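Right, one structure below, let's go through it.
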Amino acid sequence: MAMESIVERIRQKASDISEQLVAWRRFLHQNPELSFEEAATSAYIQGLLSDCGIPHRAGFARHGIVGLLSGEGSSTRVIALRADMDALPIQEENDCPYVSRNAGVMHACGHDVHMTWLLGALVILQDLRGQWSGRVKFLFQPGEERLPGGASAMISEGALEDPVPDCIIGQHVQPDMPVGVVGLRDGMFMASSDELYLTIHGQGGHAAMPHLCIDPVVVAAELVLALQKLVAREKDPFGAAVLTIGRMTTPGGATNVIPSTVHLEGTFRCMDEEYRKSVHQRIRELATGICNAHGAKLEMRIESGYPALYNEPALVQRCRELGMQYFGDEGVTEAPARMTSEDFAWYGRKVPAVFCRTGIGKKVSVHHPRFDVDETCLAVGAGWLALLAMRI
Ligand SMILES: [Zn+2]
Ligand SMILES: [Zn+2]
């Protein structure tokens, strides 16, 4: 079938199921669950898949689901589609009929939309199975928002085996873009992310007698500034990296008391694995050196998070071509690189991958208590994912 007519057929199918998509998304939005606790979400999706006669298997990374759809053509190609399932520990502040019913939990990163997009794409793919060839593997993945993330567990439990996909596609909501626009970028797209935990043990005492103490606050201040130099002075200025100490606490201390301990917590993000490893080592050296110089003791832990996300350029190019057909020339934009991270990056370590960002028509940022989407994005994103699965 000619490209124009397949795009038309997909658009028509997506529009036919648009009310259904809204209903699914609203149910998921009203019933959000935290990372690795997505039992009801998983049951709901399994029910819908069963109702639609779409074969699947549950129990990956606890609540994950993997399945396979076959087109009628004889190709052996396998295309994987992935949606994440978890919500965030945020109290929703929207005033809408589908507001979260779970206090303190909210789909504020659009994962309810991601699941709906994937469900919609599967329904379209099933209806149009005479129009495509090969197999589509689909992954509903839990726990994207919390380390160690669900993706690595899905992989180690075999989600990318039997059959091994030729490539994998992920799609994320993008608040600052209108509905009908997709953002693409080849190469390094999102950052790696590591969590830093440092405790400086000094010796507390009277604030007026610092010479009798080892002041961990001053040591911590020196350390926070020194850590910035790892980015400012030890990184090639053409590469991106960020180190932020986001929390500095002490169990004691007062205007007149030097505490005995300071805790620091932060994040380190970059786009380059070699540099990433070297920085872990340099943080250790700097922190140990500064603490030693002042007679303080250091405890530290670096929790390695997700790797940097790499988009396979050939796949991105194909997405651009298909995007022109589906969204029109104006609807395909160059997405800027981001220092946020995504555990979708793990899939890209195993098979060629592309992660795109799709406009949702509302401006409030993800992870905000007033985040929401223009629901016309549901049919648009479902159709887009179906087209990619059929033609990438
Ligand atoms: Zn998020
Ligand atoms: Zn997200």
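Read-outs: derived from the displayed coordinates by stated rules, not from any lab. Please read these numbers as outputs of a predicted model, since none were measured by experiment. Here the Cβ positions follow ideal geometry from the backbone for every residue, glycine too, while neighbour counts run over all protein chains shown.
How much length is gained on full extension from Ala103 to His367, taking 0.36 nm per residue of separation minus their Cα-Cα distance?
Difference between extended and current length: 93.5 nm.
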Would you be so kind as to identify which of Ala159, Val123, Pro352 lies farthest towards the positive end of the dipole of the chain, taking Lys and Arg as +1 and Asp and Glu as -1 on Cβ and the Cα centre as origin? Pro352
Degrees, to the nearest 10: 216-232 long Cα axis against longest axis of the chain: 50 degrees
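Just check the chain against the gyration tensor rule for me: Cα atoms, a ≥ b ≥ c as the square roots of the eigenvalues, rounded for a/c under 1.5, and otherwise prolate or oblate depending on whether a/b exceeds b/c.
On the way: a/c = 2.42, a/b = 2.01, b/c = 1.20.
It is prolate, given that a/c is not under 1.5 and a/b is the larger ratio.
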Can you classify the stretch 226-322 as rounded, prolate or oblate using the Cα gyration tensor, where a ≥ b ≥ c are the square roots of its eigenvalues, rounded means a/c under 1.5, and otherwise it's prolate if a/b beats b/c and oblate if not? prolate
Proximal aspartates and glutamates to Lys235, defined as alpha-carbon separation beneath 17 angstrom and excluding residues fewer than eight positions away on the same chain: Asp194, Asp272, Glu273, Glu274, Glu285
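Explain nothing, just the number: relative contact order of the chain, from Cα pairs under 8 Å at least 6 residues apart, as a whole percent. Write out the running numbers ahead of the final one.
Values: 895 pairs, mean separation 97.0, N = 392.
Relative contact order for the chain comes out at 25 percent.
What number, rounded to the nearest 500 deg cm²/dmol, is the helix-based mean residue ellipticity at 222 nm of the chain, given -39500 (n - 2.57) per DSSP H run of at least four residues and division by all its residues? Walk me through the numbers before you get to the answer.
On the way: 10 runs with 140 residues, N = 392.
About -11500 deg cm²/dmol.
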For Lys350, go through the lysines and keep the ones whose alpha-carbon is under 17 Å away, minus same-chain ones fewer than eight residues off. Lys137
Assigning unit charges at the beta carbon (Lys, Arg +1; Asp, Glu -1) and nothing else, what dipole magnitude in debye, to the nearest 20, does the chain show about its Cα centre? 460 debye
Checked the stretch 272-342 against the a/c 1.5 cut and the a/b vs b/c comparison, axes a ≥ b ≥ c from its Cα gyration tensor; verdict prolate
